[in-house]
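Here is the structure we will look at, set down as C-alpha coordinates.
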Amino acid sequence: MKYLSIRWKLTLWYGFAVSVTLFAFGIILLILTRQQLLSRTDAALREELRELALEVEITRSETDFVTSANTRFLHHDIYDFAVIDSKGKTVFLSAGLSERSVAAIAPDNMTSEIRYETRDVAELGAFRVAGLSRESSFGHLTVLSVTSLKPLIGEMYALQMVMAVLLPLAIGAALVGGYFFANRALAPVNTIVEMANSVTIDSLNRRIEVPNPRDEIGRLAATLNSLIARLELAVNEIKRFTADASHELRTPLAALRMEAELALRADRSPEQYKGALRVVVDEATRLGRLADQLLTLSRQDAGIVDRARATVQLDAVVQDVVEQLQPLASDHGVLLKTGKIQACQVDGDDAGLRQVVYNVVENALKYTDGGGTVLIHCTTRQKTVVCEITDTGIGISDEHLPHIFNRFYRVDLSRHSESGGAGLGLSIARTTMLTHGGTIDIRSRPNAGTTVIICLPKAEVPDTCKNGSAQPDLSKLSFAGTKIESVATRMASGRIR
(Lines give C-alpha, C1' and ligand atoms only; values in the text may rest on other atoms or scores of the structure.)
Protein backbone atom coordinates (compact mmCIF):
# COMPACT_ATOMS: atom_id res chain seq x y z
CA MET A 1 0.00 0.00 0.00
CA LYS A 2 2.81 2.42 0.84
CA TYR A 3 4.36 1.95 -2.62
CA LEU A 4 1.19 3.04 -4.41
CA SER A 5 0.72 6.54 -5.73
CA ILE A 6 -1.52 8.97 -3.90
CA ARG A 7 -3.96 8.75 -6.81
CA TRP A 8 -4.38 4.99 -6.34
CA LYS A 9 -4.45 5.30 -2.56
CA LEU A 10 -7.29 7.81 -2.79
CA THR A 11 -9.08 5.59 -5.29
CA LEU A 12 -8.80 2.48 -3.15
CA TRP A 13 -9.79 4.28 0.02
CA TYR A 14 -12.76 5.78 -1.79
CA GLY A 15 -13.76 2.36 -3.15
CA PHE A 16 -13.35 0.79 0.29
CA ALA A 17 -15.48 3.48 1.93
CA VAL A 18 -18.19 3.12 -0.72
CA SER A 19 -18.08 -0.70 -0.42
CA VAL A 20 -18.49 -0.62 3.35
CA THR A 21 -21.28 1.94 3.06
CA LEU A 22 -23.15 -0.02 0.40
CA PHE A 23 -22.68 -3.32 2.22
CA ALA A 24 -23.97 -1.84 5.47
CA PHE A 25 -26.84 -0.20 3.61
CA GLY A 26 -27.69 -3.52 1.95
CA ILE A 27 -27.70 -5.41 5.26
CA ILE A 28 -29.91 -2.78 6.86
CA LEU A 29 -32.19 -2.75 3.84
CA LEU A 30 -32.59 -6.54 3.93
CA ILE A 31 -33.35 -6.52 7.64
CA LEU A 32 -35.84 -3.67 7.38
CA THR A 33 -37.52 -5.18 4.30
CA ARG A 34 -37.90 -8.56 6.00
CA GLN A 35 -39.30 -6.91 9.10
CA GLN A 36 -41.71 -4.86 7.01
CA LEU A 37 -42.93 -7.87 5.01
CA LEU A 38 -43.25 -9.94 8.17
CA SER A 39 -45.23 -7.16 9.85
CA ARG A 40 -47.60 -6.99 6.89
CA THR A 41 -48.00 -10.78 7.00
CA ASP A 42 -48.72 -10.69 10.73
CA ALA A 43 -51.27 -7.92 10.27
CA ALA A 44 -53.12 -9.95 7.64
CA LEU A 45 -52.98 -13.10 9.79
CA ARG A 46 -54.31 -11.12 12.73
CA GLU A 47 -57.34 -9.95 10.77
CA GLU A 48 -58.11 -13.44 9.49
CA LEU A 49 -57.60 -14.95 12.96
CA ARG A 50 -59.97 -12.46 14.55
CA GLU A 51 -62.71 -13.31 12.06
CA LEU A 52 -62.33 -17.03 12.79
CA ALA A 53 -62.24 -16.41 16.55
CA LEU A 54 -65.37 -14.32 16.30
CA GLU A 55 -67.05 -17.18 14.47
CA VAL A 56 -66.05 -19.50 17.32
CA GLU A 57 -67.53 -17.17 19.92
CA ILE A 58 -70.91 -16.60 18.25
CA THR A 59 -71.58 -20.20 17.20
CA ARG A 60 -73.72 -22.14 19.71
CA SER A 61 -72.69 -25.68 18.72
CA GLU A 62 -69.77 -27.45 17.17
CA THR A 63 -71.88 -28.61 14.22
CA ASP A 64 -73.00 -25.10 13.44
CA PHE A 65 -69.43 -23.87 13.70
CA VAL A 66 -68.08 -26.53 11.34
CA THR A 67 -70.83 -25.79 8.85
CA SER A 68 -70.17 -22.06 8.97
CA ALA A 69 -66.37 -22.50 8.89
CA ASN A 70 -66.55 -24.80 5.86
CA THR A 71 -68.53 -22.15 4.08
CA ARG A 72 -66.20 -19.22 4.88
CA PHE A 73 -62.75 -20.59 5.68
CA LEU A 74 -62.40 -24.00 3.98
CA HIS A 75 -60.82 -22.65 0.80
CA HIS A 76 -58.54 -19.59 0.76
CA ASP A 77 -55.85 -18.62 -1.69
CA ILE A 78 -53.25 -17.48 0.83
CA TYR A 79 -54.32 -18.38 4.35
CA ASP A 80 -55.24 -21.68 6.02
CA PHE A 81 -57.03 -22.21 9.31
CA ALA A 82 -57.31 -24.80 12.06
CA VAL A 83 -59.37 -25.13 15.26
CA ILE A 84 -58.28 -27.62 17.91
CA ASP A 85 -60.09 -28.47 21.14
CA SER A 86 -58.51 -28.93 24.54
CA LYS A 87 -57.98 -32.67 23.93
CA GLY A 88 -56.01 -32.10 20.75
CA LYS A 89 -58.83 -33.12 18.47
CA THR A 90 -59.12 -31.14 15.26
CA VAL A 91 -62.49 -29.39 15.16
CA PHE A 92 -61.91 -27.58 11.86
CA LEU A 93 -59.19 -27.81 9.24
CA SER A 94 -58.99 -25.82 6.01
CA ALA A 95 -58.22 -27.52 2.71
CA GLY A 96 -54.56 -26.48 2.64
CA LEU A 97 -53.67 -28.22 5.91
CA SER A 98 -53.45 -31.80 7.13
CA GLU A 99 -53.50 -33.37 10.54
CA ARG A 100 -49.77 -33.93 10.29
CA SER A 101 -48.95 -30.37 9.29
CA VAL A 102 -51.18 -28.94 12.02
CA ALA A 103 -49.37 -31.03 14.61
CA ALA A 104 -46.08 -29.65 13.31
CA ILE A 105 -47.04 -25.98 13.26
CA ALA A 106 -49.37 -25.66 16.21
CA PRO A 107 -47.79 -23.52 18.99
CA ASP A 108 -47.88 -24.66 22.61
CA ASN A 109 -49.46 -22.90 25.60
CA MET A 110 -51.79 -20.59 23.77
CA THR A 111 -53.36 -17.63 25.61
CA SER A 112 -56.06 -15.14 24.83
CA GLU A 113 -53.40 -12.86 23.35
CA ILE A 114 -52.29 -13.51 19.78
CA ARG A 115 -48.93 -15.24 19.41
CA TYR A 116 -46.85 -15.23 16.22
CA GLU A 117 -44.34 -17.91 15.36
CA THR A 118 -42.43 -19.09 12.33
CA ARG A 119 -42.36 -22.86 11.85
CA ASP A 120 -40.59 -25.04 9.29
CA VAL A 121 -42.50 -28.05 8.01
CA ALA A 122 -40.64 -30.82 6.21
CA GLU A 123 -41.27 -30.84 2.48
CA LEU A 124 -43.59 -27.81 2.84
CA GLY A 125 -41.21 -25.06 3.86
CA ALA A 126 -41.61 -22.20 6.32
CA PHE A 127 -44.95 -21.03 7.65
CA ARG A 128 -46.03 -18.05 9.69
CA VAL A 129 -48.54 -19.03 12.40
CA ALA A 130 -50.82 -16.77 14.43
CA GLY A 131 -52.76 -18.41 17.28
CA LEU A 132 -54.82 -17.72 20.36
CA SER A 133 -57.16 -19.57 22.73
CA ARG A 134 -60.91 -18.94 22.96
CA GLU A 135 -63.78 -20.17 25.09
CA SER A 136 -66.81 -21.36 23.12
CA SER A 137 -70.16 -22.91 23.87
CA PHE A 138 -68.70 -26.29 23.00
CA GLY A 139 -65.45 -25.99 25.00
CA HIS A 140 -61.96 -24.44 25.14
CA LEU A 141 -60.49 -24.11 21.64
CA THR A 142 -57.18 -23.17 20.04
CA VAL A 143 -57.65 -21.07 16.89
CA LEU A 144 -54.87 -20.88 14.29
CA SER A 145 -54.36 -18.93 11.09
CA VAL A 146 -51.46 -20.01 8.89
CA THR A 147 -49.78 -18.69 5.75
CA SER A 148 -46.75 -19.84 3.82
CA LEU A 149 -43.62 -17.67 3.84
CA LYS A 150 -42.61 -18.72 0.35
CA PRO A 151 -43.75 -15.38 -1.18
CA LEU A 152 -41.80 -13.45 1.46
CA ILE A 153 -38.74 -15.63 0.97
CA GLY A 154 -39.08 -15.20 -2.78
CA GLU A 155 -39.19 -11.41 -2.48
CA MET A 156 -36.19 -11.42 -0.17
CA TYR A 157 -34.28 -13.68 -2.55
CA ALA A 158 -35.09 -11.37 -5.47
CA LEU A 159 -33.90 -8.37 -3.45
CA GLN A 160 -30.69 -10.21 -2.55
CA MET A 161 -30.05 -11.05 -6.19
CA VAL A 162 -30.58 -7.43 -7.20
CA MET A 163 -28.18 -6.31 -4.52
CA ALA A 164 -25.66 -9.00 -5.47
CA VAL A 165 -25.66 -7.63 -9.02
CA LEU A 166 -25.82 -3.93 -8.23
CA LEU A 167 -23.28 -3.92 -5.38
CA PRO A 168 -20.25 -4.96 -7.54
CA LEU A 169 -21.41 -2.56 -10.25
CA ALA A 170 -21.67 0.26 -7.72
CA ILE A 171 -18.24 -0.55 -6.31
CA GLY A 172 -16.75 -0.66 -9.79
CA ALA A 173 -18.37 2.68 -10.64
CA ALA A 174 -17.06 4.09 -7.38
CA LEU A 175 -13.51 2.96 -8.21
CA VAL A 176 -13.68 4.43 -11.71
CA GLY A 177 -15.23 7.64 -10.42
CA GLY A 178 -12.77 7.82 -7.55
CA TYR A 179 -9.83 7.41 -9.90
CA PHE A 180 -11.25 10.05 -12.23
CA PHE A 181 -11.83 12.60 -9.47
CA ALA A 182 -8.49 11.81 -7.80
CA ASN A 183 -6.81 12.34 -11.16
CA ARG A 184 -8.64 15.64 -11.58
CA ALA A 185 -7.86 16.74 -8.04
CA LEU A 186 -4.15 15.84 -8.29
CA ALA A 187 -3.65 17.17 -11.81
CA PRO A 188 -2.24 20.48 -10.47
CA VAL A 189 0.40 18.46 -8.60
CA ASN A 190 1.94 17.39 -11.90
CA THR A 191 2.07 21.02 -12.93
CA ILE A 192 3.72 21.93 -9.64
CA VAL A 193 6.27 19.11 -10.04
CA GLU A 194 7.13 20.14 -13.58
CA MET A 195 7.47 23.76 -12.55
CA ALA A 196 9.57 22.93 -9.50
CA ASN A 197 11.87 20.70 -11.59
CA SER A 198 12.35 23.47 -14.11
CA VAL A 199 13.48 26.01 -11.51
CA THR A 200 17.26 26.41 -11.44
CA ILE A 201 19.58 28.87 -9.79
CA ASP A 202 19.33 31.03 -12.92
CA SER A 203 15.51 31.01 -13.02
CA LEU A 204 14.54 31.63 -9.40
CA ASN A 205 12.28 34.45 -10.55
CA ARG A 206 9.74 31.92 -11.84
CA ARG A 207 6.68 31.14 -9.75
CA ILE A 208 4.06 28.38 -9.69
CA GLU A 209 0.60 29.38 -10.81
CA VAL A 210 -1.92 29.15 -7.95
CA PRO A 211 -5.41 28.53 -9.42
CA ASN A 212 -7.18 28.24 -6.07
CA PRO A 213 -5.19 29.56 -3.09
CA ARG A 214 -7.80 28.31 -0.62
CA ASP A 215 -7.51 24.55 -1.20
CA GLU A 216 -4.68 22.24 -0.15
CA ILE A 217 -3.00 22.23 -3.56
CA GLY A 218 -3.18 26.01 -3.67
CA ARG A 219 -1.60 26.30 -0.24
CA LEU A 220 1.13 23.87 -1.31
CA ALA A 221 1.84 25.96 -4.40
CA ALA A 222 1.87 29.15 -2.34
CA THR A 223 4.28 27.54 0.13
CA LEU A 224 6.60 26.45 -2.67
CA ASN A 225 6.45 29.96 -4.16
CA SER A 226 7.40 31.36 -0.77
CA LEU A 227 10.26 28.86 -0.57
CA ILE A 228 11.49 29.81 -4.05
CA ALA A 229 11.26 33.48 -3.10
CA ARG A 230 13.38 32.88 0.00
CA LEU A 231 15.87 30.89 -2.06
CA GLU A 232 16.02 33.72 -4.59
CA LEU A 233 16.63 36.21 -1.80
CA ALA A 234 19.32 33.99 -0.28
CA VAL A 235 21.05 33.46 -3.63
CA ASN A 236 20.94 37.19 -4.34
CA GLU A 237 22.40 37.84 -0.91
CA ILE A 238 25.17 35.32 -1.59
CA LYS A 239 25.88 36.92 -4.98
CA ARG A 240 25.91 40.38 -3.45
CA PHE A 241 28.06 39.17 -0.57
CA THR A 242 30.53 37.56 -2.99
CA ALA A 243 30.67 40.68 -5.13
CA ASP A 244 31.12 42.98 -2.14
CA ALA A 245 33.72 40.70 -0.57
CA SER A 246 35.64 40.58 -3.85
CA HIS A 247 35.54 44.37 -4.08
CA GLU A 248 36.64 44.83 -0.48
CA LEU A 249 39.49 42.38 -0.91
CA ARG A 250 40.57 43.91 -4.21
CA THR A 251 41.01 47.41 -2.75
CA PRO A 252 43.77 46.62 -0.22
CA LEU A 253 45.39 44.17 -2.64
CA ALA A 254 45.52 46.90 -5.29
CA ALA A 255 47.04 49.31 -2.77
CA LEU A 256 49.66 46.73 -1.79
CA ARG A 257 50.58 46.07 -5.39
CA MET A 258 50.75 49.77 -6.27
CA GLU A 259 53.04 50.58 -3.34
CA ALA A 260 55.28 47.62 -4.15
CA GLU A 261 55.50 48.62 -7.85
CA LEU A 262 56.26 52.24 -6.99
CA ALA A 263 58.97 51.10 -4.58
CA LEU A 264 60.57 48.90 -7.26
CA ARG A 265 60.53 51.40 -10.11
CA ALA A 266 63.44 53.49 -8.84
CA ASP A 267 65.84 53.76 -5.98
CA ARG A 268 64.47 55.66 -3.01
CA SER A 269 65.67 57.01 0.25
CA PRO A 270 65.31 54.96 3.44
CA GLU A 271 62.52 57.28 4.62
CA GLN A 272 60.59 56.72 1.38
CA TYR A 273 61.00 52.97 1.74
CA LYS A 274 59.79 53.20 5.33
CA GLY A 275 56.75 55.17 4.17
CA ALA A 276 55.97 52.57 1.54
CA LEU A 277 56.37 49.78 4.09
CA ARG A 278 54.03 51.59 6.48
CA VAL A 279 51.38 51.73 3.74
CA VAL A 280 51.96 48.03 3.06
CA VAL A 281 51.58 47.20 6.75
CA ASP A 282 48.41 49.30 7.06
CA GLU A 283 46.81 47.67 4.02
CA ALA A 284 47.90 44.21 5.15
CA THR A 285 46.39 44.91 8.57
CA ARG A 286 43.18 46.05 6.92
CA LEU A 287 43.20 42.98 4.70
CA GLY A 288 43.77 40.70 7.68
CA ARG A 289 40.96 42.30 9.65
CA LEU A 290 38.61 41.92 6.70
CA ALA A 291 39.62 38.27 6.34
CA ASP A 292 38.95 37.72 10.04
CA GLN A 293 35.52 39.32 9.74
CA LEU A 294 34.66 37.24 6.69
CA LEU A 295 35.81 34.10 8.48
CA THR A 296 33.68 35.01 11.51
CA LEU A 297 30.60 35.55 9.35
CA SER A 298 31.19 32.30 7.48
CA ARG A 299 31.52 30.35 10.71
CA GLN A 300 28.40 31.99 12.11
CA ASP A 301 26.44 31.15 8.96
CA ALA A 302 27.65 27.56 9.10
CA GLY A 303 26.77 27.32 12.80
CA ILE A 304 30.24 26.09 13.75
CA VAL A 305 31.13 28.88 16.17
CA ASP A 306 32.01 26.82 19.22
CA ARG A 307 33.18 29.07 22.00
CA ALA A 308 33.21 28.32 25.69
CA ARG A 309 30.30 29.84 27.57
CA ALA A 310 30.85 31.27 31.02
CA THR A 311 29.61 34.02 33.29
CA VAL A 312 30.82 37.31 31.80
CA GLN A 313 31.08 40.54 33.79
CA LEU A 314 29.67 42.84 31.09
CA ASP A 315 30.46 46.05 32.98
CA ALA A 316 34.12 45.02 33.05
CA VAL A 317 33.99 44.30 29.31
CA VAL A 318 32.58 47.80 28.70
CA GLN A 319 35.29 49.41 30.82
CA ASP A 320 38.01 47.49 28.96
CA VAL A 321 36.62 48.51 25.56
CA VAL A 322 36.45 52.16 26.66
CA GLU A 323 40.10 52.04 27.76
CA GLN A 324 41.10 50.33 24.53
CA LEU A 325 39.37 52.90 22.31
CA GLN A 326 40.42 56.04 24.20
CA PRO A 327 43.36 56.63 21.80
CA LEU A 328 41.03 56.45 18.80
CA ALA A 329 38.62 58.85 20.52
CA SER A 330 41.46 61.28 21.17
CA ASP A 331 42.53 61.11 17.51
CA HIS A 332 39.00 62.03 16.43
CA GLY A 333 38.62 64.70 19.09
CA VAL A 334 35.65 62.87 20.57
CA LEU A 335 34.90 62.57 24.30
CA LEU A 336 34.42 58.88 25.13
CA LYS A 337 33.06 58.34 28.65
CA THR A 338 30.89 56.03 30.71
CA GLY A 339 27.72 57.00 32.51
CA LYS A 340 25.84 54.72 34.87
CA ILE A 341 27.69 51.41 35.09
CA GLN A 342 26.24 48.67 37.28
CA ALA A 343 27.66 45.25 38.01
CA CYS A 344 26.12 43.13 35.23
CA GLN A 345 26.64 39.43 34.71
CA VAL A 346 25.54 37.56 31.59
CA ASP A 347 26.08 34.03 30.33
CA GLY A 348 27.99 33.90 27.08
CA ASP A 349 31.28 34.15 25.24
CA ASP A 350 33.55 36.89 26.52
CA ALA A 351 35.40 37.36 23.22
CA GLY A 352 32.20 37.54 21.19
CA LEU A 353 30.51 40.05 23.53
CA ARG A 354 33.70 42.11 23.68
CA GLN A 355 33.73 42.25 19.87
CA VAL A 356 30.08 43.40 19.80
CA VAL A 357 30.72 46.29 22.22
CA TYR A 358 33.97 47.15 20.44
CA ASN A 359 32.32 47.29 16.98
CA VAL A 360 29.44 49.45 18.20
CA VAL A 361 31.64 51.92 20.11
CA GLU A 362 34.13 52.09 17.22
CA ASN A 363 31.31 52.93 14.78
CA ALA A 364 30.07 55.63 17.15
CA LEU A 365 33.54 57.20 17.22
CA LYS A 366 33.93 57.02 13.43
CA TYR A 367 30.64 58.80 12.74
CA THR A 368 30.92 61.45 15.46
CA ASP A 369 32.60 64.72 14.50
CA GLY A 370 35.26 66.36 16.61
CA GLY A 371 33.94 67.91 19.78
CA GLY A 372 31.18 65.28 20.02
CA THR A 373 30.53 62.79 22.80
CA VAL A 374 30.05 59.04 23.03
CA LEU A 375 28.36 58.00 26.28
CA ILE A 376 27.96 54.40 27.51
CA HIS A 377 25.53 53.14 30.15
CA CYS A 378 25.35 49.56 31.41
CA THR A 379 22.48 48.74 33.77
CA THR A 380 20.21 45.88 34.83
CA ARG A 381 16.44 45.88 34.42
CA GLN A 382 14.76 42.95 36.17
CA LYS A 383 16.11 39.88 34.29
CA THR A 384 17.76 41.84 31.47
CA VAL A 385 21.11 43.56 31.12
CA VAL A 386 20.92 46.70 28.98
CA CYS A 387 23.94 48.41 27.44
CA GLU A 388 23.28 51.75 25.72
CA ILE A 389 25.86 53.49 23.51
CA THR A 390 24.78 57.04 22.63
CA ASP A 391 26.66 59.42 20.38
CA THR A 392 26.14 62.97 19.12
CA GLY A 393 27.20 62.09 15.59
CA ILE A 394 25.70 62.59 12.17
CA GLY A 395 22.84 60.14 12.78
CA ILE A 396 21.13 57.79 10.33
CA SER A 397 18.18 58.60 8.13
CA ASP A 398 15.04 56.44 8.15
CA GLU A 399 15.78 55.05 4.69
CA HIS A 400 19.03 53.50 5.91
CA LEU A 401 17.88 52.12 9.27
CA PRO A 402 16.21 48.94 7.90
CA HIS A 403 19.47 48.00 6.13
CA ILE A 404 21.99 49.03 8.75
CA PHE A 405 22.70 45.41 9.81
CA ASN A 406 23.16 44.15 6.23
CA ARG A 407 26.61 42.97 5.28
CA PHE A 408 28.84 45.52 3.51
CA TYR A 409 26.14 48.16 3.95
CA ARG A 410 27.53 51.63 4.57
CA VAL A 411 25.60 54.84 5.10
CA ASP A 412 28.41 57.25 4.25
CA LEU A 413 30.85 55.97 1.60
CA SER A 414 33.15 58.96 1.99
CA ARG A 415 33.67 58.23 5.68
CA HIS A 416 34.14 54.57 4.84
CA SER A 417 37.04 55.39 2.60
CA GLU A 418 38.63 57.32 5.41
CA SER A 419 37.98 54.86 8.22
CA GLY A 420 38.70 51.69 6.31
CA GLY A 421 35.60 49.88 7.52
CA ALA A 422 34.03 47.17 5.39
CA GLY A 423 30.50 47.37 6.77
CA LEU A 424 30.65 44.01 8.54
CA GLY A 425 30.88 45.01 12.19
CA LEU A 426 27.16 45.50 12.86
CA SER A 427 26.28 42.35 10.94
CA ILE A 428 28.65 40.34 13.11
CA ALA A 429 27.25 42.05 16.20
CA ARG A 430 23.67 41.15 15.34
CA THR A 431 24.52 37.50 14.66
CA THR A 432 26.48 37.27 17.91
CA MET A 433 23.56 38.73 19.85
CA LEU A 434 21.18 36.21 18.32
CA THR A 435 23.42 33.34 19.40
CA HIS A 436 23.39 34.77 22.94
CA GLY A 437 19.61 35.08 23.04
CA GLY A 438 19.83 38.88 23.06
CA THR A 439 18.88 41.77 20.81
CA ILE A 440 20.54 44.82 19.34
CA ASP A 441 18.52 47.84 18.25
CA ILE A 442 19.43 51.19 16.72
CA ARG A 443 17.52 54.43 17.19
CA SER A 444 18.72 57.43 15.26
CA ARG A 445 17.78 60.70 13.59
CA PRO A 446 19.86 62.67 11.09
CA ASN A 447 22.12 65.26 12.77
CA ALA A 448 20.70 64.26 16.18
CA GLY A 449 22.92 61.34 17.10
CA THR A 450 22.46 57.59 17.40
CA THR A 451 21.66 55.25 20.27
CA VAL A 452 22.47 51.54 20.09
CA ILE A 453 20.68 49.39 22.68
CA ILE A 454 22.10 45.96 23.50
CA CYS A 455 19.92 43.66 25.61
CA LEU A 456 21.07 40.34 27.08
CA PRO A 457 19.50 37.88 29.53
CA LYS A 458 20.85 38.36 33.01
CA ALA A 459 22.93 35.49 34.36
CA GLU A 460 21.46 33.38 37.15
CA VAL A 461 23.35 34.02 40.38
CA PRO A 462 23.92 30.87 42.53
CA ASP A 463 22.07 30.78 45.84
CA THR A 464 25.34 30.57 47.75
CA CYS A 465 26.39 33.91 46.32
CA LYS A 466 22.98 35.45 47.05
CA ASN A 467 23.21 34.45 50.71
CA GLY A 468 26.73 35.74 51.00
CA SER A 469 28.05 32.41 52.21
CA ALA A 470 30.53 32.16 49.38
CA GLN A 471 32.40 34.67 47.28
CA PRO A 472 33.73 34.08 43.77
CA ASP A 473 37.44 33.55 43.35
CA LEU A 474 38.49 36.33 41.00
CA SER A 475 41.77 34.62 40.28
CA LYS A 476 39.88 31.80 38.56
CA LEU A 477 37.66 34.02 36.39
CA SER A 478 38.80 34.42 32.82
CA PHE A 479 37.89 36.46 29.77
CA ALA A 480 38.68 34.89 26.39
CA GLY A 481 40.86 32.33 28.15
CA THR A 482 43.03 34.87 30.05
CA LYS A 483 42.97 35.09 33.86
CA ILE A 484 42.15 38.43 35.44
CA GLU A 485 45.15 40.18 36.83
CA SER A 486 45.33 43.23 38.98
CA VAL A 487 45.12 46.58 37.28
CA ALA A 488 48.42 47.61 38.74
CA THR A 489 50.20 44.55 37.30
CA ARG A 490 48.70 45.14 33.86
CA MET A 491 49.59 48.84 33.91
CA ALA A 492 53.12 48.00 34.96
CA SER A 493 53.57 45.54 32.12
CA GLY A 494 52.03 47.96 29.62
CA ARG A 495 49.26 45.55 28.69
CA ILE A 496 46.31 47.61 29.84
CA ARG A 497 44.07 48.72 26.97
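The values are calculated or read from the model by the stated rules, or taken from the named source; none is laboratory data. Note that this is a predicted model, so its numbers are computed, not measured. Virtual Cβ from ideal backbone geometry, glycine too; neighbours counted across all protein chains shown.
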Picking from ASN183, ASN212, ASN205, ASN225, which residue would you name as being surrounded by fewer than 11 Cβ atoms within 10 Å (Cβ to Cβ) and over 30 Å from ARG289 (Cβ atoms)?
ASN205
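What strands (runs of 3 or more DSSP E) lie completely within region 65-172 and have 3 or more residues being touching a residue at least 60 places away in the same chain (Cβ under 8 Å)?
Values: elements: 79-85, 90-93, 115-121, 125-136, 139-148.
Qualifying strands (runs of 3 or more DSSP E): 79-85, 125-136, 139-148.
Output the residue which, of all residues in region 228-245 that are more than 22 Å from the chain's Cα centre (by Cα) and modelled with pLDDT of 80 or more, is farthest from LEU290 (Cα to Cα). Step through it out loud before you land on a result.
Quick first cut of region 228-245, residues more than 22 Å from the chain's Cα centre (by Cα) only: 232-245.
In the following step, the residues that additionally are modelled with pLDDT of 80 or more were identified as 232-236.
Numbers: GLU232: 27, LEU233: 24, ALA234: 22, VAL235: 22, ASN236: 21 Å.
Checking each candidate, the answer is GLU232.
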For region 1-17, which residues satisfy the criterion of being closer than 12 Å to VAL176 by Cα and either at pLDDT 90 or above or among the aliphatic types (A, V, I, L, M) (or both)?
LEU10, LEU12
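Does region 362-377 include one or more residues that are within 22 Å of GLU460 (Cα to Cα) and free of Cβ contacts under 8 Å to residues at least 60 places away in the same chain? Steps first, answer last, please.
Initially, region 362-377 is screened for residues within 22 Å of GLU460 (Cα to Cα), giving 377.
Still in the running and free of Cβ contacts under 8 Å to residues at least 60 places away in the same chain: 377.
Yes, region 362-377 has at least one match.
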Step by step: first the residues of region 331-363, then only those that are at pLDDT 85 or above and in a loop (DSSP other than H, G, I, E, B), then the one that is nearest to ILE428 (Cα to Cα). Which residue is that?
CYS344
Which of the following residues is at pLDDT 90 or above, aliphatic (A, V, I, L, M) and under 26 Å from TYR116 (Cβ atoms): ILE58, ILE84, ILE28, ILE78?
ILE28
